[in-house]
Structure formats: C-alpha cells, structure tokens
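Colleague: Before we start, here is the structure in question, set down as structure tokens.
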Amino acid sequence: MTSPADARSSKTAENGKPIELDLLLYALPYPIFVLTEKNRIVFANAAAESFLSSSIAVLKRQTLDEFLAFGCPLLPLLDQVRRSGATVNEYGVEMHSPKFLMPKLVDVHAGPFPERAGHILLMIQQRNMAQMIERQFTHRAAARTVSGMAAVLAHEIKNPLSGIRGAAQLLEPALSDEDRALTQLICAETDRIRNLVDRMEVFGDERPLAKEPVNIHDVLNHVRRLAETGFARGIRFIEDYDPSLPFVPGNRDKLVQAFLNLVKNAAEAAGEGADHGRIILTTKFRPGVRLSVPGSNSRVSLPLLIQVEDNGNGVPEHLRPHLFDPFVTTKHNGTGLGLALVAKIIGDHGGIIEYDSEPRRTVFRVLLPLQERKRGDDQNPGE
C-alpha cells in the first residue's frame with residue numbers, strides 16, 4: 001500500500017516493530033483522506049472508499065472537488081485549514097455528491113498533515129439522521145405524557161389548591177404574627193405548585209401555531225438583551241451571524257421562549273466554570289436535508305442552523321440520553337421542564353434540536369425550515 005504522500009512515518013509497537021502510519025489510518029472506521037494543495041487524493045482508507053463508493057485507484061486519479069456538488073461547504077473548510085495552518089472541526093456539515101442518493105450530514109475534522117507541507121488530513125464522521133428523527137418523536141411522546149399528567153393535575157390538584165389558599169387567607173387576620181407566617185408560607189407554596197402545574201399545561205396545547213415570517217436575529221437579539229439585564233450579567237456574549245439568513249416561518253413569542261431557555265441554561269452552565277463565562281450565538285445557512293419531522297405533514301428542508309454554545313462543565317454523561325425528557329435536570333431546585341419545552345416548541349415549528357457536549361464546550365443546534373414565498377407575493381412569504 002502506498003503511504004500518504006509517500007511518507008513513511010512510523011511508531012514503535014511494544015514488540016519493537018514499526019507501525020506504519022498508513023496502516024493505522026487504513027484501519028480507522030471513519031473515512032480518512034490525505035489531500036494535496038489542489039485537493040488531489042493521495043490516500044484514502046477503506047471507510048473512505050465505501051463512503052464515496054469508489055476504489056482507491058479511482059479516488060487517486062481525481063480531486064475531492066470532482067466528487068462533491070458545486071457549493072459544498074466542505075471545500076471552504078479545507079481552504080480555511082490552508083490559510084490558518086490549524087485544525088478545523090465543523091459539526092453538522094451537509095455534503096452533496098453525485099455518489100449519494102441523498103445529502104449526508106457529517107462532522108468534519110481537518111488539519112495540516114505533518115508529513116508533507118501543504119497536505120491536509122481529512123476525517124469525516126457521518127451523522128445518523130434516523131437517530132435524530134427518532135429522538136424528535138421521542139421528545140414529542142414525552143411531551144404528550146406530560147400533557148396527560150398536567151390534565152389530571154389541573155383537575156385533581158389546582159382546584160383543591162385554590163380552596164387551601166383561600167382558607168389560609170381567611171384564617172390569617174385572626175392569627176398571631178407567628179402563626180400568620182405559617183399561613184403566608186401555605187399561600188406561597190400553593191402558588192409555587194400552581195405555577196408548576198401551569199408550566200406543565202403548556203405541553204397540552206396542541207393547537208396549530210399561528211405562524212408568520214420571523215427574523216431569527218431579532219429573536220436572538222431580544223433574548224440577549226433579556227439575558228444581559230438579568231440572569232446572564234457578567235457573561236460575555238459573542239455573535240457569529242449570517243446576515244443573509246432568510247426568515248423563519250414561526251411564532252415569535254414561542255421562539256423567544258425556546259431560545260431564552262437555551263441561553264438561560266448556557267448562562268447557568270458557563271457560570272459554573274473556573275474561567276470567565278462565555279456564550280456564542282451562531283446562525284448559518286446550510287442546504288438542508290429533506291426530512292419528515294414532527295410538526296410538518298410533508299418532507300421539508302431544514303437549512304437554517306442556530307447554535308447556542310457555552311464554555312461550562314458540560315452535560316453529565318448519565319443525563320445525555322435523556323436530556324430533553326421532562327423532569328430531567330442537573331439543578332437542585334430545577335423542574336426539568338425547560339429543555340423538554342424547548343424540544344416541543346422546535347418540533348411544533350417543524351424543526352430539530354440536537355446537542356454535543358464535552359468539558360468546556362456544549363453546543364445546542366436548532367435546525368429550522370425556510371419561510372417559502374408564495375408565487376406573486378413578494379411581501380408575504382408563504383406558509
């Protein structure tokens with residue numbers, strides 16, 4: 001086998017025999033490419049051959065550009081590696097190719113190849129879209145469970161709570177100051193329980209959203225102002241917005257509620273770290289995969305990407321599979337309904353929410369559909 005760019009780099013195994021670098025790369029389960037300055041493929045492992053449905057002999061006769069559709073976002077990332085001389089990690093990149101039956105959503109890791117100047121080592125990790133879609137249905141099923149529970153609680157608890165609170169208020173004038181403090185405690189606790197039930201009742205609202213064209217940057221700017229004057233004081237915000245992003249078909253108030261929850265979680269996580277808290281708000285336009293998702297009766301494209309990133313300690317490993325389930329929380333006094341509500345709102349907008357988490361970096365990604373224009377109506381985009 002020809003080594004990448006004829007480089008014969010090796011390491012020594014425990015038995016003293018050299019381990020060829022190309023053998024290590026070839027054994028990895030992810031597609032690995034080594035590219036020249038003009039993106040000519042000089043090495044590809046078995047996973048890369050399978051990924052592009054081509055043999056190594058075919059791959060080495062062509063450039064990577066020839067396997068990708070025009071405008072594929074992977075190519076600018078490779079240019080970025082060459083300009084910066086540093087490794088680039090990009091998540092949720094959509095790859096289009098004549099070799100694919102449908103676009104593939106992948107994570108890209110690319111960096112300079114130390115064995116040959118100007119060469120790039122590229123690794124691609126494909127996302128499992130079926131898992132993403134299945135997760136959205138799970139979120140909505142969990143929301144329906146909370147909805148049923150809220151209906152029971154509203155009938156069985158809220159009505160008696162009103163009676164308990166009223167009785168405490170009637171008793172209060174005739175009591176001593178010491179006993180009056182107890183009636184006030186009863187009133188405060190009944191209000192707290194009632195507010196919790198009210199929050200759960202939101203999950204039972206199955207009415208279609210009243211949608212209109214929404215500027216997602218206006219939503220994020222409003223959320224940022226609310227955060228900076230309240231729970232996120234002292235947190236540094238960084239904005240990385242795509243100014244050409246088109247409108248989102250949605251309900252502005254609901255979207256504010258969803259992203260306010262995400263930013264609040266990010267602020268609380270960032271505040272736990274030893275370093276200064278930081279939240280990065282990012283928007284990007286990506287050609288979307290056409291999917292059937294909750295909240296839509298047809299297959300839709302989800303090209304609008306909104307990210308909320310923090311530099312907190314990350315999500316605990318044992319909570320990650322259930323993060324969007326109701327009543328799952330890392331907070332001592334939390335209800336665990338915030339992220340479940342976010343998942344419901346995004347699902348009601350025909351979108352998807354996912355996340356990646358590691359120490360010092362947690363990213364929540366929201367994928368939303370475009371606001372389509374009706375033919376002959378330039379002012380009012382279609383639903």
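Colleague: Suppose the chain between Asp179 and Arg83 were pulled fully straight at 0.36 nm per residue; how much longer would it get relative to their current alpha carbon spacing? Working shown, then result.
Modeller: Details: separation 96, 0.36 × 96 = 34.56 nm, distance 7.27 nm.
Difference between extended and current length: 27.3 nm.
Colleague: Within 10 Å of each residue's Cβ, count the other Cβ atoms and sort Arg83, Arg360 from fewest upward. Could you put the intermediate results ahead of the total?
Modeller: Values: Arg83 8, Arg360 14.
Going from sparsest to densest Cβ surroundings: Arg83, Arg360.
Colleague: Oh, and also: Per 0.36 nm of contour for each residue apart, how much would the distance between Glu239 and Leu23 grow if the chain were fully extended, relative to their Cα-Cα spacing? Walk me through the numbers before you get to the answer.
Modeller: Working: separation 216, 0.36 × 216 = 77.76 nm, distance 4.22 nm.
Extra length from Glu239 to Leu23 when fully extended: 73.5 nm.
Colleague: When the Karplus curve 6.51 cos²θ - 1.76 cosθ + 1.60 is applied with θ = phi - 60°, which whole-Hz ³J(HN,Hα) does each residue of the range 341-351 get, with x for Gly and Pro?
Modeller: 5, 4, 4, 5, 5, 5, x, 5, 8, x, x
Colleague: With a ≥ b ≥ c taken as the square roots of the eigenvalues of the C-alpha gyration tensor of the range 23-70, please select rounded if a/c is under 1.5 and otherwise prolate if a/b is larger than b/c or oblate if it is not? Please report the intermediate quantities before stating the final value.
Modeller: Details: a/c = 1.87, a/b = 1.47, b/c = 1.27.
The shape class here is prolate.
Colleague: Still on this structure: Between their Cα atoms, which of Lys104/Lys211; Lys60/Lys284; Lys99/Lys211; Lys264/Lys284 are more than 26 Å away from each other? The partial results should precede the final answer.
Modeller: Values: Lys104/Lys211 29 Å; Lys60/Lys284 33 Å; Lys99/Lys211 37 Å; Lys264/Lys284 22 Å.
As for pairs spanning more than 26 Å Cα to Cα, those are Lys104/Lys211; Lys60/Lys284; Lys99/Lys211.
Colleague: Just to be sure I understand the model, the point goes 7 Å from the Cα along the line to the Cβ. What's the resulting Gln169 to Phe231 distance in nm?
Modeller: In this crude label model, Gln169 to Phe231 measures out at 2.9 nm.
Colleague: Given 0.36 nm per residue, what is the gain on full extension from Lys99 to Ala46 after removing their alpha carbon distance, in nm?
Modeller: Working: separation 53, 0.36 × 53 = 19.08 nm, distance 1.62 nm.
That pair, Lys99 and Ala46, stretches by 17.5 nm at full extension.
Colleague: Round to the nearest 0.05 the FRET efficiency obtained for Asp356 and Lys60 when R0 = 22 Å and r is the Cβ-Cβ distance.
Modeller: Working: r = 33 Å, r/R0 = 1.51.
Between Asp356 and Lys60 the formula returns 0.10.
Every number here is computed from the coordinates shown, using simple stated rules; none is lab data. Keep in mind the model is a prediction, meaning the values are calculated, not measured. All Cβ positions, glycine included, derive from the backbone under ideal geometry; neighbour counts span all protein chains shown.
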